[in-house]
Structure formats: structure tokens, C-alpha cells
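Worksheet: the structure to be examined is printed underneath.
The values are calculated or read from the model by the stated rules, or taken from the named source; none is laboratory data. Please read these numbers as outputs of a predicted model, since none were measured by experiment. Here the Cβ is made from the backbone with ideal geometry for all residues, glycine too, and neighbour counts use every protein chain on show. Surface areas here come from the heavy atoms of the whole protein model, side chains and all, with no ligands, DNA or RNA. Shrake-Rupley method; radii C 1.70, N 1.55, O 1.52, S 1.80 Å.
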Amino acid sequence: MTSPATTTPHVALVTGANKGVGNAIARQLAAQGITVFLGARNEERGRKAAAELSAEGHDVRFVHLDVTDGTTAGLAAQRIEEESGRLDILVNNAGMSTPWHTPSQTPTDDVRQSFETNVLGVITVTNAMLPLLRRSQAARIVNISSVIGSLTAAAENHDPTGVFSDGEFPNTLGYPVSKAALNAVTIMYANELRAEGILVNAVSPNWVPTDATHHTGLLTLEQGVVLPVRMATLPDGGPTGTYTCSDDTGKGLTLPW
Ligand SMILES: NC(=O)c1ccc[n+]([C@@H]2O[C@H](COP(=O)([O-])OP(=O)(O)OC[C@H]3O[C@@H](n4cnc5c(N)ncnc54)[C@H](OP(=O)(O)O)[C@@H]3O)[C@@H](O)[C@H]2O)c1
């Protein structure tokens, strides 16, 4: 993880990048000279965010992408192909949560909505982008997960990141179960794509201030995205099929599945 990539990445797509974690990842990738396609489902918010990052001197291009809509994913792939010919980095960041209830009080539709975005959306976008990723010499896929998706942490009622106190690990269905499924999806893609040198990893930014967390957190947004960005720019032969979390040392923690 310390030596430079043998092939410098040039083109990245970050989903849900108009704000929050995705926006911070887009900024850090673009600051490395990478052309970033900034995916957003809302045109106005996406164009504004891309314009702000471009004004910082980066090559950031808005692309319309609602991860729950396969048509927009196909059109986004077509656009990236026309403008760049390939994709080196895919960051599946777009995510959502429904209100947290105990399992017995959770409406099935809340679980369905969480899966639509956090799991099926990742599959839709990944499959749309894979032909372009396969044209890269060093393709990387980062799925933005959460410690809340750790089944081990749930079973032990213990959060290895220390965000939740012992005995208070969230016991709810929609968001945690969707992130656990995302972790499973990450392993499956990592296994399929390992032989092609495409590295696929699940990474949590830890707990960082965004709209989703009502701007509370343990790390700053910038600290939280250092590890996702590192996993997006891994050198050849780097790890694949891993599940890690940002920490305040910058090194990152390995999470139990
Ligand atoms: N913040 C944390 O502490 C934390 C911790 C662990 C994991 N995460 C993960 O980090 C990722 C980003 O979260 P965040 O904290 O940055 O939340 P956020 O501020 O609410 O941002 C979520 C982003 O996802 C986009 N999005 C939602 N549904 C989408 C869809 N169907 N298609 C395209 N984009 C969609 C949102 O777009 P709109 O603006 O249009 O709604 C927004 O850009 C999520 O996967 C989340 O689970 C965050």
C-alpha cells in the first residue's frame, strides 16, 4: 500500500458525489490530477458541486446518475466512454438510511428502499461500468460501507471502532442489513475480478460530519475519506476483498465481517 501504482489512474467515477463523503472523495481524487466524473441524481445539485470543485482547479465533470435507475447508469457509462474511453476507479458511495426501528417495528418498505440504493444500486452501477473498468490497466472499485454492516459486531454487540458503546450496537434492519449485504456483494465481485487484477474493497469512512449524521462525527470529513481514497488508488497487487475503516491515525482498521 506504500509503493506507487505501476499505472497512474486517470479517470474516476464517484456516485452520490454532490455532497458529503462522496464529494470529499471526489475532491481528494481530483487533487491527485485524476479526472473525476461526479455522479449525482439531481442535475442542479450535481452541476453546482462539479462547478465548485472545478473552480478549485480540478477536472471534475457532472454526470447524471441515479443508482436505482439502470438507464442513467447506462447513459453515464456511454458518456464516460465517449469522453475518456475507460474508467480506472469506481467509488460506489451513494447511500441512504431510513429511520431506525427495532426489527419487529420496521416497515418492509424501509428495508426495500435501503436495499434498492445501498445494494442493488451498487450492482447496477458496477455492472454498467465493468466494461470500461476492464479497459483500465489498474481498475479499482471501492464500496462505501459502514461498521454497522459488520455481522460480527452485531452478534457480539461490540463496536470495534468505538463509536457505539459496548452493548449498544444498533439493532435495526434497513441500513445495517443493507450494508452487510453490500459487504457480501464486495466479496463476490472481489472473487470474480481477482484474476483480472481488478481490486474490490469495502471501506467505511468511520463516523464523519455530513447531512446524514446531522453534522456530527468522530473524525473530520477529510480524515474519513483518506482511506477510501487510498483504496481507490491502490498499487498493483494491493489487497482485494477487504473491509476496513478510517481511523484517526490515517492507517485504518480492519473490520470483522
Ligand atoms: N457519514 C458517515 O458517518 C458515514 C458512516 C459510514 C458510512 N457512510 C456512507 O457514506 C456514504 C455517503 O454518506 P454521507 O454521510 O455522505 O450521506 P449524505 O450526506 O446523505 O450523502 C448521500 C449522497 O448519496 C446520494 N444518493 C442517495 N441516493 C442516491 C441515488 N439513488 N442515486 C444517486 N445518489 C444518491 C445523495 O444524493 P442527494 O443529495 O440527491 O440526496 C448524496 O449525494 C453512504 O454510503 C453512507 O452509508 C457514511
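Number of residues in the range 22-76 that are out of contact with any Leu (no Cβ under 8 Å at 6 or more places or on another chain), of a type in the set (Lys, Arg) and within 12 Å of the ligand (Cβ to nearest atom) equals 2.
Taking the condition under 12 Å from Ala232 (Cα atoms), among the hydrophobic types (A, V, I, L, M, F, W, C) and surrounded by 15 or more Cβ atoms within 10 Å (Cβ to Cβ), does Leu65 pass? If you could, list the steps in order and put the result at the bottom.
Working: under 12 Å from Ala232 (Cα atoms): no; among the hydrophobic types (A, V, I, L, M, F, W, C): yes; surrounded by 15 or more Cβ atoms within 10 Å (Cβ to Cβ): yes.
No, not satisfied.
Check whether at least one residue in the range 77-94 is within 14 Å of the ligand (Cβ to nearest atom) and either touching a Phe, Trp or Tyr at 6+ places or on another chain (Cβ under 8 Å) or open to solvent by 50 Å² or more (accessible area, probe 1.4 Å) (or both), and report yes or no. Lay out the reasoning, then the answer.
First, pick out the residues of the range 77-94 that are within 14 Å of the ligand (Cβ to nearest atom): 90-94.
With either touching a Phe, Trp or Tyr at 6+ places or on another chain (Cβ under 8 Å) or open to solvent by 50 Å² or more (accessible area, probe 1.4 Å) (or both) added as a condition, the list becomes none.
No, there is no match, as no residue in the range 77-94 is within 14 Å of the ligand (Cβ to nearest atom) and either touching a Phe, Trp or Tyr at 6+ places or on another chain (Cβ under 8 Å) or open to solvent by 50 Å² or more (accessible area, probe 1.4 Å) (or both).
Specify the residue that is most open to solvent (accessible area, probe 1.4 Å); the eligible residues are those in the range 150-184 that are polar (S, T, N, Q) and touching a residue at least 60 places away in the same chain (Cβ under 8 Å).
This residue is Asn171.
Which ranges mark the helices (runs of 4 or more DSSP H) fully within the range 35-120 that have 1 or more residues being touching a residue at least 40 places away in the same chain (Cβ under 8 Å) and out of contact with any His (no Cβ under 8 Å at 6 or more places or on another chain)? Lay out the reasoning, then the answer.
Details: elements: 43-55, 70-84, 108-115.
Fully inside the range 35-120 and qualifying: 70-84, 108-115.
Could you give every pair whose Cβ atoms fall below 8 Å, whose first residue belongs to the range 7-29 and is of a type in the set (Gly, Ala, Ser), and whose second residue is in a helix (DSSP H, G or I) and open to solvent by 10 Å² or more (accessible area, probe 1.4 Å), counting only separations of at least 6 or pairs across chains? Short answer, once both residue conditions are applied: Ala17/Asn23; Gly20/Asp211; Gly20/Ala212; Gly20/Leu221; Ala24/Leu221; Ala24/Glu222. Within the range 243-257, residues that are closer than 16 Å to Leu182 by Cα reach partners that are small (Gly, Ala, Ser) and open to solvent by less than 20 Å² (accessible area, probe 1.4 Å) with beta carbons closer than 6 Å, at six or more positions or on different chains, in the pairs Tyr243/Ala202; Cys245/Ser204; Leu255/Ser150; Pro256/Ser150. Among (1) aliphatic (A, V, I, L, M); (2) within 16 Å of the ligand (Cβ to nearest atom); (3) over 25 Å from Thr72 (Cβ atoms); (4) in contact (Cβ under 8 Å) with a residue 40 or more places away in the chain, which single condition is Val142 missing? The one condition Val142 does not meet is (3).
If only residues of the range 9-51 that are among the charged types (D, E, K, R) and touching an Asp or Glu at 6+ places or on another chain (Cβ under 7 Å) are counted, the one that is surrounded by the most Cβ atoms within 10 Å (Cβ to Cβ) is Arg41. Taking the criterion of being open to solvent by 10 Å² or more (accessible area, probe 1.4 Å), near the ligand (Cβ under 7 Å from one of its atoms) and not in a loop (DSSP other than H, G, I, E, B), the residues of the range 193-215 that qualify are Asp211, Ala212, Thr213. Within the range 216-237, the residues that satisfy the criterion of being open to solvent by 30 Å² or more (accessible area, probe 1.4 Å) and part of a loop (DSSP other than H, G, I, E, B) are Thr216, Gly217, Leu218, Thr220, Thr233, Asp236, Gly237.
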